[in-house]
Amino acid sequence: MALDLSSLCEQFPDLQLPALSREGGATAYQLRLPLFQDGREFKWAELRLPKGFPKYGKAFIQLSPDSVLRIPHLDRAGVLCNEGDPGPGLGYSSEDRIKFVLHGYLEQFLKPWLNGDLDGEFENETLNYWAIAVAKARSKTDAVRGVWTIDSPPTKARVRSGLLLIPNRIIIAADEQLRITNRLVQSMGPAAKQRVRVLVADIPISHAFTPSTWPRSMSDLERILQGRLTSADYSRLQHSRRGRGMHRVVLLRNSEVSFAYLLPGGPPTILDVYRGKKTSPSLHKPLPLMTSRLDPDWTVGRDQHPEISGRQAKHVLVLGVGALGSPIVDHIAKAGVGRISVVDADTMSSANIGRHLLGADSIGQNKVDAIAQRINLAYPATEVTPYAMSTTEWLKKNTLVDVDVVLDLTGEPDVRVQIEQVRLSYPCPLLIGWMEPYVAAAHACMLPAGQKWLKGAQDPLSYLEAVVWPSDVILQEPGCSSRFQSYTAAAAEHAVALVAECSLEMIDNSATVTSDSSVRSWVRGQRFLDKHWPGLTHKEWAKAASVYDGLILNRQFP
Amino acid sequence: MITKSAELVKHAEQKFPARLTKSLASFAALREGYITDARDRLEEYDLWAKALSEANSHIAVDKEEIAAATDAYNEVADYLAANLSWPHESISIKPQGSVSTKTLIRSPNGSEKFDIDAVCKIDISQIEADNPVSFFESIGQALKELEAQPKRRCWKIPFTGRRFYLEFTPSIPLNTVSEQTLHSMAPRYSVSRYGETALAVVDMPTESWKTSNSEGMSKWVNDTSERRLIRTIAMEAHAYDRAAASVSPVPDQTVDITDTLRVAIRLFKRHRDMCARRGIIDADTKPISVIIVTLLTSCYEGLADLNRSFEHPVELLDELATLMPHLVLELDGKYRVDNPTVEGENFAEKWNDDGGDRYKSFMDWTSALSADLQTILAEKDPQAISKSVRYVFGISPPTGGGNSLTNLQPPAPRATPASRGLA
């Protein structure tokens, strides 16, 4: 595809013809460079049009490799990252699209760079630049691929032990003294067949590093280690090298960013290759590594939810892990609740698949066991303990003494009566959650410690419902005596969200004495009712919802 | 009689610290005296002086910015005077610290604020002086609308939206506090040199008056910096070059780091800040500026008192960096950096009860400084020197030329780009 850029060259004489061809079928035009002040130079800049331009792809500017990590806003290949070519499909001519690119290069990059206006920009996206440094240094035979942290940075630099997991080649910067370490190792399964002890110099930093301040050599790192570690820690780290040939990692971090290096002098890397093993010697220089934070504050709430530390200390008892209970356990685990005990005697059957957290791979397993396994593997911030038994049995063997909140998601009248009895001796906040047929409505009744559910001998559940149900709505499942309503998992998601939010509110406030008990309800409108059964009507209190697709209503618990 | 500073220098020299340039091949010609002509020697020194001078001017806060800050604290002074019950003429506000010694530096990240210290002196009655806490609080009360935050001895005014913040230290003339009160509350402190400017400030943690002499400290730095340590022969050579510029245009490279004490203070402070950025020292225990200022000024003063002389500022910088770590006294197992203007005040007091963290930071910093200066002085290629100086002191390359580039008219503005949804 030949483009005629000669008129563009008249407007912008620094654009030089003729076109040159570059790897991948790209076309390049060199850009004449200005006179540089000492230290601001780069070897070349090119306008590049990818193969298929203008129909496919976007035009861009590429700078010579010497500019990468010296000049901000360049990716690893030297491609300038700024607003440029709007791309095909928006009605611009090729010439206009190229003009946008050249204009952006001049005004957003070249002039500000020469004037020093981009000098502070490395600080803004420091981890992006670190990723470039890591990618440049990476090789297939590296002993370590990344470092995971699971706690906050220390206030003072220290040397601690960590675990290298093989064959995954991930280092966890903590040892088994933290329970979460074990949960992470478990969740890696066969990727963490082998645990190898390593030493980690865990050093807090006050500022994020930039390419001009991060350590560039072993002697830079040596300075930091000498400056920050106590002499005992320093010699522990040094000594290990001569001793058993342990891997050593330097972790430099604060609450926002972290940087890690694998030090040279560790044992050789042994990798499984086709029909055997391949051994690679240790590195000669420090290897920069990416880090990931696996601590609950980050995995659960990306540091924006201070309530997580409170949740981590909570123990929640969930009764019933069916279509409502199972996704709610998943939600409160995702929200960072530290301990969840799940009680249910049921096994997974084919009829559950369409609306349960679990799937066909769990058929025949105890629901609680499969859920515990799944969540314990997926969310290291949470520990789920399964009890494959009925609530009656569980209550015989256990008390509510260390339980912070009970969630009754069984829908069973007997369970409600039993919990009422136990709460007389162990006052504990209780949430009762259930759905009406077709998930035409769902309710979360939140009862603080000391508030009873039963009204004398009367169970208020039906009274609290939103829809007047004719008796023939309830179907009998073939070959089974349990109640069965047809509904989709999508319709149930609304109920799950409502009950999960209420549960978290209760969990977060369980320590504070809340004065009122309340019922929060999700109620679908008339259109939804009509679609499912002719002649359905709302109860008086719920009539407000009838004109909407759905509405959330709050009431006092009577 | 030998002065205290001279004594400190002699004491440091007894440890036989080696000059940074002692074994550098790059310095052999100067060190061994192979170059004899004074002008040639200066040109040789200027290799490094040029790059160091560039760094010095990059980190110094320029006069305009300081002037803007000065205006701001004058405004605060008027505001304070209007809000306080004392008569206007009994209140005076003066800058102190790095502003008054002209050693204010920028933070490595240009967007961070610099702090302007000011001392606000109020003539209050002896009766009022009996209660230092209520005096301190009354100043804070008067500054309430400026969101002043109390610190150990001063009120910090954040000045949202400006390049700087102010720290106001309330004080009273020393003679207002009765000798007895002062003695009973802070018996260790008494006035030393520059006694006429001594003040009493409130130390909130102990709720008592403490002697302070920030004006005296500034005057000491300024007086000392004016003393000549560079040999006249060098000065003459420079003067000769200037006069004969039309004949031999050398002085183009001659740069001004002759204000060597201040240059050293600025560069060393900056180096300390970079060490904290690089994680070499802990930002919480890094050496405080007043310690660096005191050690360097004592060293400079001691060298002057001993009639030492140097042929070029670079040689003097080498000497200052070499001696500085050895000017910290260790007496009876305690580290001491004495305030020369207040007898008994030890700027390094915290070093003695932190498990050695601050002393370690100081020593780690000074050894990094020596190593970095050696790296710079080991280079002889001007470009390599510049590169090295910029890296060590965290200085961006020189700017300019951007505005003279071509303009390219962009095509008609694009439609608002589609924004992203959360996913």
What is the number of the single condition among (1) buried (at least 21 other Cβ atoms within 10 Å of the Cβ); (2) over 27 Å from A:R40 (Cβ atoms); (3) within 11 Å of chain A (Cβ to nearest Cβ) that B:F393 does not meet? (2)
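Just to be sure before I move on: is A:V185 among the hydrophobic types (A, V, I, L, M, F, W, C), in contact with a strand residue (DSSP E or B) (Cβ under 7 Å, 6 or more places away or on another chain) and without any contact (Cβ under 8 Å) to a residue 24 or more places away in the chain in the structure I sent?
Values: among the hydrophobic types (A, V, I, L, M, F, W, C): yes; in contact with a strand residue (DSSP E or B) (Cβ under 7 Å, 6 or more places away or on another chain): yes; without any contact (Cβ under 8 Å) to a residue 24 or more places away in the chain: yes.
Answer is yes for this residue.
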Sole exception among (1) over 26 Å from A:S187 (Cα atoms); (2) polar (S, T, N, Q); (3) surrounded by fewer than 17 Cβ atoms within 10 Å (Cβ to Cβ) for A:T391, by number: (3)
Of all the residues that make up region A:33-56, how many are without any contact (Cβ under 8 Å) to a residue 40 or more places away in the chain and within 19 Å of A:L15 (Cβ to Cβ)? 8
Kindly indicate the residue of region A:196-224 that is buried (at least 16 other Cβ atoms within 10 Å of the Cβ) and among the small types (G, A, S) and also farthest from the other protein chains (Cβ to nearest Cβ) among those meeting that condition. A:A201
Just checking, how many residues over region A:64-99 are surrounded by fewer than 20 Cβ atoms within 10 Å (Cβ to Cβ) and over 26 Å from A:T210 (Cα atoms)? 11
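Kindly establish whether A:L20 is away from every other protein chain (no Cβ under 13 Å), in a strand (DSSP E or B) and touching a strand residue (DSSP E or B) at 6+ places or on another chain (Cβ under 9 Å).
On the way: away from every other protein chain (no Cβ under 13 Å): yes; in a strand (DSSP E or B): yes; touching a strand residue (DSSP E or B) at 6+ places or on another chain (Cβ under 9 Å): yes.
In short, yes.
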Between a residue in region A:260-278 that is of a type in the set (K, R) and any residue that is surrounded by 14 or more Cβ atoms within 10 Å (Cβ to Cβ), which pairs come within a Cβ distance under 6 Å, given they are 6 or more apart or on different chains? A:K277/A:I270; A:K278/A:L271
So which residues in region B:19-62 are under 24 Å from B:T294 (Cβ atoms) and part of a loop (DSSP other than H, G, I, E, B)? B:R19, B:L20, B:V61
Checked region A:23-49 for anything within 13 Å of chain B (Cβ to nearest Cβ), crowded, with 16+ Cβ neighbours inside 10 Å and of a type in the set (K, R); matches are A:R40
Tell me the residue from A:S217, A:S152, A:S187 that is in the same structural domain as A:R253 (by TED's automatic domain parsing), more than 26 Å from the chain's Cα centre (by Cα) and not charged (D, E, K, R), please. A:S217
Of the numbered conditions (1) within 11 Å of chain B (Cβ to nearest Cβ); (2) in contact (Cβ under 8 Å) with a residue 60 or more places away in the chain, A:Y92 fails exactly one; give the number of that condition. (2)
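If you check B:D338 against the conditions, is it away from chain A (no Cβ under 14 Å) and under 27 Å from B:K22 (Cα atoms)?
no
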I need every pair where a residue in region B:286-304 that is touching a residue at least 40 places away in the same chain (Cβ under 8 Å) has its Cβ under 7 Å from the Cβ of a residue that is among the basic types (K, R) and in a helix (DSSP H, G or I), sequence separation at least 6 or different chains. B:K286/B:R272; B:P287/B:R272; B:S289/B:K269
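Residues of region A:515-558 being in a helix (DSSP H, G or I) and among the polar types (S, T, N, Q), which ones? I'd like the intermediate steps shown before the answer.
First, pick out the residues of region A:515-558 that are in a helix (DSSP H, G or I): A:526-532, A:540-545.
Answer for region A:515-558, where residues must be in a helix (DSSP H, G or I) and among the polar types (S, T, N, Q): just A:Q526.
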Test for B:S370: is it surrounded by 15 or more Cβ atoms within 10 Å (Cβ to Cβ), more than 9 Å from chain A (Cβ to nearest Cβ) and among the small types (G, A, S): yes
Looking only at region A:57-89, and only at residues there that are assigned to a loop (DSSP other than H, G, I, E, B) and touching a residue at least 60 places away in the same chain (Cβ under 8 Å), the one that is nearest to the other protein chains (Cβ to nearest Cβ): A:R70
Residues A:G265, A:G245, A:G227, A:G189: which one is small (G, A, S) and touching a Pro at 6+ places or on another chain (Cβ under 8 Å)? A:G245
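A:G364: part of a loop (DSSP other than H, G, I, E, B) and either without any contact (Cβ under 8 Å) to a residue 24 or more places away in the chain or in contact with a helix residue (DSSP H, G or I) (Cβ under 7 Å, 6 or more places away or on another chain) (or both), yes or no?
Working: part of a loop (DSSP other than H, G, I, E, B): yes; either without any contact (Cβ under 8 Å) to a residue 24 or more places away in the chain or in contact with a helix residue (DSSP H, G or I) (Cβ under 7 Å, 6 or more places away or on another chain) (or both): yes.
Yes; evaluated as a whole, the condition is true for this residue.
May I ask you to verify whether A:L106 is within 14 Å of another protein chain (Cβ to nearest Cβ), in a helix (DSSP H, G or I) and closer than 22 Å to B:N403 by Cβ?
Details: within 14 Å of another protein chain (Cβ to nearest Cβ): yes; in a helix (DSSP H, G or I): yes; closer than 22 Å to B:N403 by Cβ: yes.
When the stated conditions are applied, A:L106 passes them.
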Top-ranked residue in region A:528-551 [being touching a residue at least 12 places away in the same chain (Cβ under 8 Å) and charged (D, E, K, R); ranked as nearest to A:S486 (Cα to Cα)]: A:D549
Working only within region B:32-56, note down all residues that are among the small types (G, A, S) and surrounded by 15 or more Cβ atoms within 10 Å (Cβ to Cβ). B:A38, B:A49, B:A51, B:S53, B:A55
Pairs under 8 Å by beta carbon, first residue aromatic (F, W, Y) in region B:203-214, partner assigned to a loop (DSSP other than H, G, I, E, B), six or more apart or different chains? B:W209/B:V177; B:W209/B:A186
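Yes/no per residue for (1) modelled with pLDDT of 95 or more; (2) closer than 19 Å to A:S258 by Cβ; (3) of a type in the set (A, V, I, L, M, F, W, C):
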position: A:V273; (1), (2), (3): no, no, yes
position: A:G276; (1), (2), (3): no, no, no
position: A:T279; (1), (2), (3): no, no, no
position: A:L287; (1), (2), (3): yes, yes, yes
position: A:G301; (1), (2), (3): no, yes, no
position: A:E307; (1), (2), (3): no, no, no
position: A:R311; (1), (2), (3): yes, no, no
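Quick one: which strands (runs of 3 or more DSSP E) lie wholly within region A:383-470 and hold at least 1 residues that are within 30 Å of A:N182 (Cα to Cα)?
Values: elements: A:383-387, A:405-408, A:430-435, A:441-447.
Result: A:383-387, A:405-408.
Quick check: is even one residue across region A:236-251 in contact with a helix residue (DSSP H, G or I) (Cβ under 7 Å, 6 or more places away or on another chain) and within 14 Å of chain B (Cβ to nearest Cβ)? Reasoning before the result, please.
So the first thing to find is which residues in region A:236-251 are in contact with a helix residue (DSSP H, G or I) (Cβ under 7 Å, 6 or more places away or on another chain), and the list is A:237, A:246, A:248, A:250.
Subset that is within 14 Å of chain B (Cβ to nearest Cβ): A:250.
The answer is yes, given that some residue of region A:236-251 is in contact with a helix residue (DSSP H, G or I) (Cβ under 7 Å, 6 or more places away or on another chain) and within 14 Å of chain B (Cβ to nearest Cβ).
Output the number of residues of region B:341-362 satisfying the condition of being out of contact with any helix residue (DSSP H, G or I) (no Cβ under 7 Å at 6 or more places or on another chain), within 14 Å of chain A (Cβ to nearest Cβ) and of a type in the set (D, E, K, R). Talk me through it step by step, then tell me what you get.
Filtering region B:341-362 for residues out of contact with any helix residue (DSSP H, G or I) (no Cβ under 7 Å at 6 or more places or on another chain) gives B:342-346, B:349, B:352-357, B:360-362.
Going one step further and asking which of them are within 14 Å of chain A (Cβ to nearest Cβ), we end up with B:354-357, B:360-362.
Next, only the ones that are of a type in the set (D, E, K, R) stay: B:354, B:357, B:360.
Residues meeting the conditions: 3.
Answer with yes or no whether A:G227 is within 14 Å of chain B (Cβ to nearest Cβ) and within 25 Å of A:F209 (Cα to Cα).
Values: within 14 Å of chain B (Cβ to nearest Cβ): yes; within 25 Å of A:F209 (Cα to Cα): yes.
Answer is yes for this residue.
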Which one of the conditions (1) within 12 Å of the chain's Cα centre (by Cα); (2) surrounded by fewer than 21 Cβ atoms within 10 Å (Cβ to Cβ) does B:S90 fail to meet, given that it meets all the rest? (1)
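The values are calculated or read from the model by the stated rules, or taken from the named source; none is laboratory data. Note that this is a predicted model, so its numbers are computed, not measured. Positions of Cβ are backbone-derived with ideal geometry, glycine not excepted, and every protein chain shown enters the neighbour counts.
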